[in-house]
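The values are calculated or read from the model by the stated rules, or taken from the named source; none is laboratory data. Keep in mind that what you see is a predicted model, and the values were worked out from it rather than measured. Using ideal geometry, Cβ is built from the backbone for each residue, glycine included, and neighbour counts are taken over all protein chains shown.
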Protein chains: 2
Amino acid sequence: GVIDLSYGNTGYSNGMTGNGVLMDLLDEPVPGVGTYEDFNTIDWVREKSKDRDRHREITSKSEQSTWALLHSISDAFSGWLLMLLIGLLSGALAGCIDISAHWLTDLKEGVCLSGFWFNHEHCCWGSNQTTFQERDKCPQWQSWAELLGGSSEGAAAYIVNYLMFMLCALLFSFLAVILVRAFAPYACGSGIPEIKTILSGFIIRGYLGKWTLIIKTITLVLAVSSGLSLGKEGPLVHVACCCANILCHLFTKYRQNEAKRREVLSAAAAVGVSVAFGAPIGGVLFSLEEVSYYFPLKTLWRSFFAALVAAFTLRSINPFGDSRLVLFYVEFHTPWHMVELVPFTLLGIFGGLWGALFIRANIAWCRRRKTTRLGHYPVLEVLVVTGITALLSFPNSYTRMSGSELISELFNDCSLLDSSQLCDYNSSENSNTLPDRPAGPGVYTALWQLALALFFKMLVTVVTFGMKVPSGLFIPSMAVGAIVGRLLGVAMEQMALNHHDWLIVKGWCSSGADCITPGLYAMVGAAACLGGVTRMTISLVVIMFELTGGLEYIVPLMAAIMTSKWVADALGREGIYEAHIRLNGYPFLETKEEYGHKTLAQDVMRPRQSDPLLVVLTQEGMSVGEIEGVIADTDYSGFPVVVSQESQRLVGFVLRRDLVISLDNARKRQDGVVSASLVFFLEHVPPQPFSGPPVVKLRGILDLSPFTVTDHTPMAIAVDIFRKLGLRQCLVTHNGRLLGIITKKDILKHMAQMSNRDPDSILFN
Amino acid sequence: GVIDLSYGNTGYSNGMTGNGVLMDLLDEPVPGVGTYEDFNTIDWVREKSKDRDRHREITSKSEQSTWALLHSISDAFSGWLLMLLIGLLSGALAGCIDISAHWLTDLKEGVCLSGFWFNHEHCCWGSNQTTFQERDKCPQWQSWAELLGGSSEGAAAYIVNYLMFMLCALLFSFLAVILVRAFAPYACGSGIPEIKTILSGFIIRGYLGKWTLIIKTITLVLAVSSGLSLGKEGPLVHVACCCANILCHLFTKYRQNEAKRREVLSAAAAVGVSVAFGAPIGGVLFSLEEVSYYFPLKTLWRSFFAALVAAFTLRSINPFGDSRLVLFYVEFHTPWHMVELVPFTLLGIFGGLWGALFIRANIAWCRRRKTTRLGHYPVLEVLVVTGITALLSFPNSYTRMSGSELISELFNDCSLLDSSQLCDYNSSENSNTLPDRPAGPGVYTALWQLALALFFKMLVTVVTFGMKVPSGLFIPSMAVGAIVGRLLGVAMEQMALNHHDWLIVKGWCSSGADCITPGLYAMVGAAACLGGVTRMTISLVVIMFELTGGLEYIVPLMAAIMTSKWVADALGREGIYEAHIRLNGYPFLETKEEYGHKTLAQDVMRPRQSDPLLVVLTQEGMSVGEIEGVIADTDYSGFPVVVSQESQRLVGFVLRRDLVISLDNARKRQDGVVSASLVFFLEHVPPQPFSGPPVVKLRGILDLSPFTVTDHTPMAIAVDIFRKLGLRQCLVTHNGRLLGIITKKDILKHMAQMSNRDPDSILFN
């Protein structure tokens, strides 16, 4: 009956002295409690609570001293400062990427004599030949054949250029894949599927780290320059998110809170698209529609700020040399007519079909890569694909140029001065007006080349997306659509021209007038294909609106994008990013689609009828050894705590990780804790016999407000709760008694089962 | 022991025949069950469940017959069709309103001789004097003095015009207020506070009905034409929502489901702003940021479609005669410079101050109207305010013109041909270039008039907003800001002109150049003031972006709007709409602001410590009479159902309205039900002695998945659950036993109490 003084300075003695004492050693935060393991889902509710507590503390302190007030103000503005930094850094990086990619791409064809660091355009700026087509003749710029063989004409020169082109392409892609494999395996791919998953509350350590940033930036430049059928838009989102994640470490508020950090990452996704297309509003809507999971209004406003800062940073770097903000600036001279909605809708149907087909083919190829021996040779795969791409793309000028150059060319509304092949129209005598334009031989050649380029792009993009190099698919998808659009546009134009008397043309296109803009068709086609692949809707319309700056072209775009989405959805519900998320087995709970089945919570919860009973802890009476036994015997991520085994009345929920850390900590730091020590989750520990070992009090790690639903709750409601509140798990009760548990993984498995897919494809919790 | 056959065809006998029989009469829907009373909050979860069930039924039937398949397809597209109709109707109505308001406004000054139905501009179209300033001399257009007195010059003519101006204004506003009072009291005000509340799940019957639509459309025209300091933008949102609500009745899907209808109303709010400003994207973002509560991505896309349709309908009606989509089209000739961000920020500060001040003054005035005798004479009030407004506004040309004309004039970037007073600059000899512009005497006169107009507008808007006529405050707020902006802009311009050597000007404004655009300052000032009053952020930027169409001016706008919001928020957290919602005591749970207090669910729930115990029903053993007694004794909206009074283990929740209707129905339609009849909420009614009265089975109206939280749940989490899931009530448990209940009203009262406001100001549940 004498208090053993050796326990004097531990929590134990405090716990023993009576009910009034609430503080004890274990109420101090144990390091590690409240953190997450890799490849686990965060608890949004807990993270937001943590942030609210932190905020409340700062606010209440701010009235005490000037220093605390300053701290509170700086805390309030740290979000804005962070956004500014993200905008500046991402804009700067995007500028560097653009400039280097431009230079390296040109390096495949030749070198600038006045300085090898100049790209073709810079090199020829001082030259007299100022038009676009003449720039090839600029004397400072030497093609490889001129440099090595001294001649720029003839078959030999062509072969030298061809070989150097392939050699450079292979070198660039080899460097890219080697760097990715050696330093940052996460730097491959577009990154958007993983970022979507991370934003939904998943943890992938290192995915947004500094090595990923550095390697992704370098290898993106190499991959784009190698001429592979890929774009830089998706990876730019990843780069911006890496910047954001790294900059988050400067501010405690964001460093320590997974939910707050995800708000910043949502804004960074907007920044990525903003710098990719020069479309800040479109970027914000892209983040809202496509990437983000939890997007409060405050984040909307901040991401808009960050997107603007980034766009203006990029513009002041001026990588394209024309101080345009947007990637493809277009201005059309003719308005469109209602009848043209028919071809626009056809483009939408094509976009939807191509989108659905592309997703299936790409997923099948990626699955094959995962499951067969193909996946063991990523470097070889990249080299082979690069080799074939370079081999086939050199002879055709439309595949030889980069994807974004191709799109610019196709969007182009031929003015009279334009000398590109696609604008080779037979102009009438008085070339001052803009009359009808019969196509010249150049146009027909261009059409054949474009048809070949289309075929080539469609095939090669399927195998390219998913290789172990950074690769986005905005540009390849848009290129496919733009080619089809331009082909259709020219066909329509020539039809309207040659058949003015046809009924469908008669009403609105008078003879001798130029009524149809093939460039607009290319734009609509590009939007339709991109829409079919990614299933973006409003953000795509707004991005395109920002490119043209005119509300007039929204209707054609919308008709095509809507048709494309409907057609693609009819053939397969998921976009490319969702398909890749599923392929990788990430635990992503889709927010867009309604859960349509009639099942109840009791059909999904564990344990099932045949399973052993639910493993629970009791709030008193269990020993440390018993609990450690439960932990060792099971692999659940958490355990419900009940009043008693008989009543099964729920008290709270405790996470496995917190429990393990706390018990370890108690054994280490609290003298005398042995396996026989009793564990209490009660607030007030009842008086113990003095002879026994000290008790361990774990009230601090107990979540006293676990979410519960009844067994009769329709799963549609339960799924809604999981989505909207961002839960990890939810307990199921019947008439007030604990019956089971539903985790996010259970829901995903159940959903997979309901749509006849393999439930074991969900890998993580 | 013999079954009384008189019960043969009632649910009772079915219920008695055994556990396997689930169907009984009461399983058929009782008319009225699942509907809501006026001034009550809907249960979003229940409404969405209902819609899911309906959808599932249609989908499952669609495989059975071609007819059902067609029905399923038409059901899927009915949302789009509805959006199309809303867009067309709202666009058409907005066009009519614009045209009539324009005509009536001109009617205050004179009449067209070639046809009284022409407005001034139409009247003079055929005339030779084509410039804007000369149009006053068009011979067909006769001012009232010319028509009545034969002369257009001199003091007598001025007085005749003055009197007719006042007379028309008084007549219009008298008609407006009389029509509102006689036919549709809900047609007054801007409507946005009420629409916000309705969208958050409140029911106000008739607020969006056909009478409100008709009267609001007519009286809006009258009110705008009367020259009162009000705009048509807010009321247009109300008009669009009325259209949407009425059109919803064409489709069962939307007619019968309060949640689905609110999705449509959210889209309609976007349509309203889209037609008000010709800014479809801005309209959608306005709905998202400012008005909507539940805004799924599907709605985002659909509202964009509706907003576009409406904007194009309006453009094809072409009410302004210039086929512009936007209300204020601006094009500026000079870019802005970084240094100018200082005056832009100053405008932001002014906007914030004015916003906060306006809200306080307006709310104080409205509260006075509610509480004193002032509120008893709404017609007189309107007449007095109109009279004073007309009296004071006639002499000053800037107040005589309508608000939107004033704003257009102030936004205007003076070109060389412009002959307005504000553009009276002393041009240099060679008037072909655009050199520096010293202000002429006209500009200084204009500045004085503008200063007086500012003072007048600031005062009169405070008393105008909230009167019993339709009134929006976008235009008055923007007018105030535009005046201040223009004043500052001209001041800056003249300073830069006269002090080229000053340090702050030197670097970027060379002597002789015109560096500053006063029109841009007006635009920035207008945005800042509107931002201060409404606290809109991103939507305001986008609306302004759509007006100018150039990304360059976003930065000044953003700087001003951000500053304005920060300043205004520092002086008072709520925007004008939230302030009016609170003034009216509507149950609106603000989604923008975090709940920052540390209270727990047990501090908010009823019953309190001192109150009597929670009123519960038991799942078996209570008689009809007992339950009716409970209903009569209390006024709660619902009752928890427990296993037994002793265990307090929760089974479900039943709504008062459903209970009353079902018991009435049972008494009427089920033979032999008397007060002593037992009520069962169980699924399987245990066999009853045959001698007793028939039992009433109410399992069907029992919500088996009520939301529960534990008593230790932080209120911040509870509030989050209420917001995100749209709950009406939530039950509170402790260790599995039912302890209390929290309703939305409890939360709002608690929040009012925590911020030291009167909790009894929350009037509705």
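Within the set B:Ile483, B:Ile475, the sole residue that is in contact with a strand residue (DSSP E or B) (Cβ under 6 Å, 6 or more places away or on another chain) and either among the charged types (D, E, K, R) or buried (at least 23 other Cβ atoms within 10 Å of the Cβ) (or both) turns out to be B:Ile475.
Here is the figure for the range A:364-399: residues that are of a type in the set (Lys, Arg) and either assigned by TED's automatic domain parsing to the domain that holds A:Gly189 or without any contact (Cβ under 8 Å) to a residue 60 or more places away in the chain (or both) total 2. Before we move on, is B:Met523 at pLDDT 90 or above and surrounded by 24 or more Cβ atoms within 10 Å (Cβ to Cβ)? Yes: the conditions hold for B:Met523. Within the range A:45-57, residues that are aliphatic (A, V, I, L, M) reach partners that are surrounded by 16 or more Cβ atoms within 10 Å (Cβ to Cβ) with beta carbons closer than 7 Å, at six or more positions or on different chains, in the pairs A:Val45/A:Leu725; A:Val45/A:Gly726; A:Val45/A:Leu727; A:Val45/B:Ile717. The criterion of being assigned by TED's automatic domain parsing to the domain that holds A:Ala716, more than 30 Å from B:Arg56 (Cβ to Cβ) and at pLDDT 90 or above holds for A:Val615.
Being in contact with a helix residue (DSSP H, G or I) (Cβ under 7 Å, 6 or more places away or on another chain), surrounded by fewer than 22 Cβ atoms within 10 Å (Cβ to Cβ), outside the structural domain of A:Leu473 (by TED's automatic domain parsing) and not hydroxyl-bearing (Ser, Thr, Tyr) holds for only one residue in A:Phe116, A:Phe174, and it is A:Phe174.
Applying the criterion of at least 1 residues that are in contact (Cβ under 8 Å) with a residue 24 or more places away in the chain and within 12 Å of chain A (Cβ to nearest Cβ) to the helices (runs of 4 or more DSSP H) found wholly in the range B:520-624 leaves B:538-548, B:554-571, B:601-604.
Out of the residues in the range A:538-580 that are hydroxyl-bearing (Ser, Thr, Tyr) and within 14 Å of A:Val524 (Cβ to Cβ), state the one that is farthest from the chain's Cα centre (by Cα).
Narrowing the range A:538-580 to residues hydroxyl-bearing (Ser, Thr, Tyr): A:539, A:548, A:553, A:563-564, A:577.
From the residues that got through so far, the ones that are within 14 Å of A:Val524 (Cβ to Cβ) too are A:548, A:553, A:563-564.
Details: A:Thr548: 25, A:Tyr553: 28, A:Thr563: 24, A:Ser564: 21 Å.
Restricting to residues being hydroxyl-bearing (Ser, Thr, Tyr) and within 14 Å of A:Val524 (Cβ to Cβ), the top hit is A:Tyr553.
Scan the range A:632-653 and tell me whether some residue there is within 11 Å of chain B (Cβ to nearest Cβ) and either free of Cβ contacts under 8 Å to residues at least 12 places away in the same chain or in contact with a helix residue (DSSP H, G or I) (Cβ under 7 Å, 6 or more places away or on another chain) (or both). No. Scanning the range A:267-276 for residues that are within 14 Å of chain B (Cβ to nearest Cβ) and over 12 Å from A:Leu314 (Cα atoms) gives A:Ala267, A:Ala270.
Among A:Leu297, A:Leu250, which is in contact (Cβ under 8 Å) with a residue 60 or more places away in the chain and of a type in the set (A, V, I, L, M)? Selected residue: A:Leu250, the only one of A:Leu297, A:Leu250 that is in contact (Cβ under 8 Å) with a residue 60 or more places away in the chain and of a type in the set (A, V, I, L, M).
Within 30 Å of A:Arg723 (Cβ to Cβ), touching a Pro at 6+ places or on another chain (Cβ under 7 Å) and within 12 Å of chain B (Cβ to nearest Cβ) - does that describe any residue in the range A:288-299? The answer is no, given that none of the residues of the range A:288-299 is within 30 Å of A:Arg723 (Cβ to Cβ), touching a Pro at 6+ places or on another chain (Cβ under 7 Å) and within 12 Å of chain B (Cβ to nearest Cβ).
Out of all the residues in the range B:732-747, is one or more among the aliphatic types (A, V, I, L, M), more than 25 Å from A:His734 (Cα to Cα) and modelled with pLDDT under 90? For the range B:732-747, residues among the aliphatic types (A, V, I, L, M), more than 25 Å from A:His734 (Cα to Cα) and modelled with pLDDT under 90: absent.
Let me confirm something: among B:Ala311, B:Ala279, B:Ala307, which residue is within 12 Å of chain A (Cβ to nearest Cβ), closer than 30 Å to A:Lys724 by Cα and small (Gly, Ala, Ser)?
Answer to the check: B:Ala307.
Looking at B:Leu26, B:Leu93, just one residue is modelled with pLDDT of 90 or more, of a type outside the set (Phe, Trp, Tyr) and in a helix (DSSP H, G or I), and that residue is B:Leu93. Listed by position, the helices (runs of 4 or more DSSP H) inside the range B:135-253 whose residues that are under 32 Å from the mean Cα position of the chain (by Cα) and hydrophobic (A, V, I, L, M, F, W, C) number at least 1 are B:154-183, B:192-199, B:210-225, B:233-248. Per the listing A:Phe681, A:Phe690, A:Phe707, the residue uniquely more than 10 Å from every other protein chain (Cβ to nearest Cβ) and more than 19 Å from A:Ile631 (Cβ to Cβ) is A:Phe690. Residues in the range B:243-255 that are surrounded by fewer than 24 Cβ atoms within 10 Å (Cβ to Cβ) and either among the aliphatic types (A, V, I, L, M) or within 12 Å of another protein chain (Cβ to nearest Cβ) (or both): B:Ile246, B:Leu247, B:Leu250.
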